[in-house]
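Peer 1: If you scroll down you'll find the structure; I have some questions about it.
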Amino acid sequence: MDLTTEQARALRMRSLLLSAGERPGTVAGIVEWFGAMQAQDMASGLWSLGVRLPGSTAAAVTEALERREAIRTWPMRGTVHLVPPADTHWMLDLMGVRALAGAAKRRETIGLAEKTADRGVEVLAGALAGGRRLTRAECLAALAEGGVELSGQMGYHLLWYASQRGVTCIAPHVGKEQTFVLLDEWVPEPRRPSREEALATIALRYFRSHGPATKQDFARWTGLTLTDTKAGIAGAGDALTTVRVDGTEMIAGAAALDTATTLDAWWALPGFDEYMLGYKDRGLLLDPEHFSAVVPGGNGVFQATVVHNGRTVATWKRTLTAKAVTVEVFPLVTLEKPARGRAEEALQPYAAFVGLPLQVRWR
């Protein structure tokens, strides 16, 4: 099937943001739909869920995470994601191994011996055993008390390394602090698919939630090789289909092609959201000349965005006080008064999510 750029963009928007009739109604359902969701920044991660669960609040989403509807870890690319708890083990085995393979080089750079790293994992496992949940600071204190060196970047590396090996995972924050638990205690009954089944599962979840997308997009998102990418797509069978978007071959969920390919909508998205970070090529979503505004300095810190009909048209920054949430909007294209009104409407759900009145300032 041939699709125009506009049709492909509309399908992506439906897949990524979910229309009312297709939307899972729980945190668990949203995360499983995606397979994994960017969550290195917790505030962004909460709103990534909230924007897809209309009427939800930050407190309600946090409560769902406390119920273990999703957990955070480093399943791929050495980046924190929200993942379905029961899938965490096989995702680490399938995709996390490539990041783990680079750990030796990183340890050499920061001066951390492999023996010391393994000792750190043992100390953390002992400190968390029996259902204990420790903050990041408490984990570092336990490592220090166990005689593990923590100079420079060693502490962060050890926390990452223990989770990358499937020993620990990140639990919901206590106050503003990250917490850690033992993965096997939080997920006592993990799924254990074969490697072929795992490849097919992650391919299906990626393309149904991100499609139309290229094989290279998927390989970059997962960190898998192109050989594994092709095997996963083949394993998903008829659930995926090939389309051509202005001459470029892409993959999409077959069911998505049964939906309408036009949609008039405005969305206010967090910076670290799958809408922007789920692709190697962001050309469908963002004009190249606007990339520096979304990622100032190219430092990997993405600004929150306003999206209209699949295109990024503005960035936004919010300031929370006890009385209101003040949002500054920075247009990337000309937005006349009616468009600004629609953008402000798109920001209202975020204000409701954090439980504060909205104040908007245009820059």
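The values are calculated or read from the model by the stated rules, or taken from the named source; none is laboratory data. Please read all numbers here as calculations on a predicted model, not as lab measurements. All Cβ positions, even for glycine, are placed from backbone atoms using ideal geometry, and neighbour counts span all protein chains on display. Remember, those area values only see protein heavy atoms, side chains included, never the ligands or the DNA or RNA. Shrake-Rupley method; radii C 1.70, N 1.55, O 1.52, S 1.80 Å.
Peer 1: Open to solvent by less than 50 Å² (accessible area, probe 1.4 Å), in contact (Cβ under 8 Å) with a residue 60 or more places away in the chain and under 19 Å from residue 155 (Cα atoms) - does that describe any residue in the range 104-111?
Peer 2: Residues of the range 104-111 open to solvent by less than 50 Å² (accessible area, probe 1.4 Å): 107, 110.
Pick out the ones that are also in contact (Cβ under 8 Å) with a residue 60 or more places away in the chain and you get none.
Scanning the range 104-111 turns up no residue that is open to solvent by less than 50 Å² (accessible area, probe 1.4 Å), in contact (Cβ under 8 Å) with a residue 60 or more places away in the chain and under 19 Å from residue 155 (Cα atoms).
Peer 1: What pairs come up if the first residue lies in the range 202-218 and is in contact (Cβ under 8 Å) with a residue 60 or more places away in the chain and within 14 Å of residue 231 (Cα to Cα), the second is open to solvent by 20 Å² or more (accessible area, probe 1.4 Å) and charged (D, E, K, R), and their beta carbons are under 9 Å apart, counting only those six or more places apart or on different chains?
Peer 2: Sorted first by the residue in the range 202-218, then by its partner, the pairs are 216/280; 216/281.
Peer 1: Just a yes or no: is a residue in the range 193-208 closer than 18 Å to residue 40 by Cα and in contact with a strand residue (DSSP E or B) (Cβ under 6 Å, 6 or more places away or on another chain)?
Peer 2: Checked against the condition, which is being closer than 18 Å to residue 40 by Cα and in contact with a strand residue (DSSP E or B) (Cβ under 6 Å, 6 or more places away or on another chain), the range 193-208 yields no hits at all.
Peer 1: If the requirement is being without any contact (Cβ under 8 Å) to a residue 40 or more places away in the chain and among the hydrophobic types (A, V, I, L, M, F, W, C), which of these qualifies: 330, 353?
Peer 2: Values: 353 fails: without any contact (Cβ under 8 Å) to a residue 40 or more places away in the chain.
Exactly one residue qualifies, and that residue is 330.
Peer 1: Of the conditions (1) within 21 Å of the chain's Cα centre (by Cα); (2) modelled with pLDDT of 95 or more; (3) under 22 Å from residue 14 (Cα atoms); (4) of a type in the set (D, E, K, R), residue 317 fails just one. Which one is it?
Peer 2: So residue 317 meets the others, but not (3).
Peer 1: Can you tell me which residues in the range 285-316 are part of a loop (DSSP other than H, G, I, E, B) and open to solvent by 20 Å² or more (accessible area, probe 1.4 Å)?
Peer 2: Quick first cut of the range 285-316, residues part of a loop (DSSP other than H, G, I, E, B) only: 285-287, 295, 299-303, 309-310.
If the condition is that a residue be part of a loop (DSSP other than H, G, I, E, B) and open to solvent by 20 Å² or more (accessible area, probe 1.4 Å), then 287, 299, 300, 301, 302, 303, 309 are the ones that fit.
Peer 1: Consider residue 86 against the criteria (1) farther than 16 Å from residue 270 by Cα; (2) within 13 Å of the chain's Cα centre (by Cα): it satisfies all of them except one. Which criterion is unmet?
Peer 2: It fails just one condition, (2).
Peer 1: Answer with yes or no whether residue 228 is in contact (Cβ under 8 Å) with a residue 40 or more places away in the chain, under 23 Å from residue 78 (Cα atoms) and among the acidic types (Asp, Glu). Steps first, please.
Peer 2: Working: in contact (Cβ under 8 Å) with a residue 40 or more places away in the chain: no; under 23 Å from residue 78 (Cα atoms): yes; among the acidic types (Asp, Glu): yes.
The answer is no for residue 228.
Peer 1: Next question, about the same structure. Output the residues belonging to the range 75-102 that are among the hydrophobic types (A, V, I, L, M, F, W, C), within 13 Å of residue 222 (Cβ to Cβ) and open to solvent by less than 20 Å² (accessible area, probe 1.4 Å).
Peer 2: Within the range 75-102, the first condition is being among the hydrophobic types (A, V, I, L, M, F, W, C), and the residues that meet it are 76, 80, 82-83, 86, 90-92, 94-95, 97, 99-101.
Filter once more, so that each one left must be within 13 Å of residue 222 (Cβ to Cβ): 76, 83, 90-92, 94-95, 97, 99.
Result: 76, 83, 90, 91, 92, 94, 95.
Peer 1: Within the range 141-153, identify whether any single residue is buried (at least 21 other Cβ atoms within 10 Å of the Cβ), of a type outside the set (Lys, Arg) and modelled with pLDDT of 95 or more, and answer yes or no.
Peer 2: yes
Peer 1: Can you tell me which of (1) open to solvent by 70 Å² or more (accessible area, probe 1.4 Å); (2) under 15 Å from residue 269 (Cβ atoms); (3) aliphatic (A, V, I, L, M) is the one residue 322 doesn't meet?
Peer 2: Tallying (1) open to solvent by 70 Å² or more (accessible area, probe 1.4 Å); (2) under 15 Å from residue 269 (Cβ atoms); (3) aliphatic (A, V, I, L, M), residue 322 fails exactly one: (2).
Peer 1: Of the residues 59, 43, 39, 64, which single one is out of contact with any Pro (no Cβ under 9 Å at 6 or more places or on another chain) and under 23 Å from residue 301 (Cα atoms)?
Peer 2: On the way: 59 fails: under 23 Å from residue 301 (Cα atoms); 43 fails: out of contact with any Pro (no Cβ under 9 Å at 6 or more places or on another chain); 64 fails: under 23 Å from residue 301 (Cα atoms).
The match here is 39.
Peer 1: Only one residue in 130, 120 is in a loop (DSSP other than H, G, I, E, B) and closer than 22 Å to residue 186 by Cα, so which one is that?
Peer 2: 130
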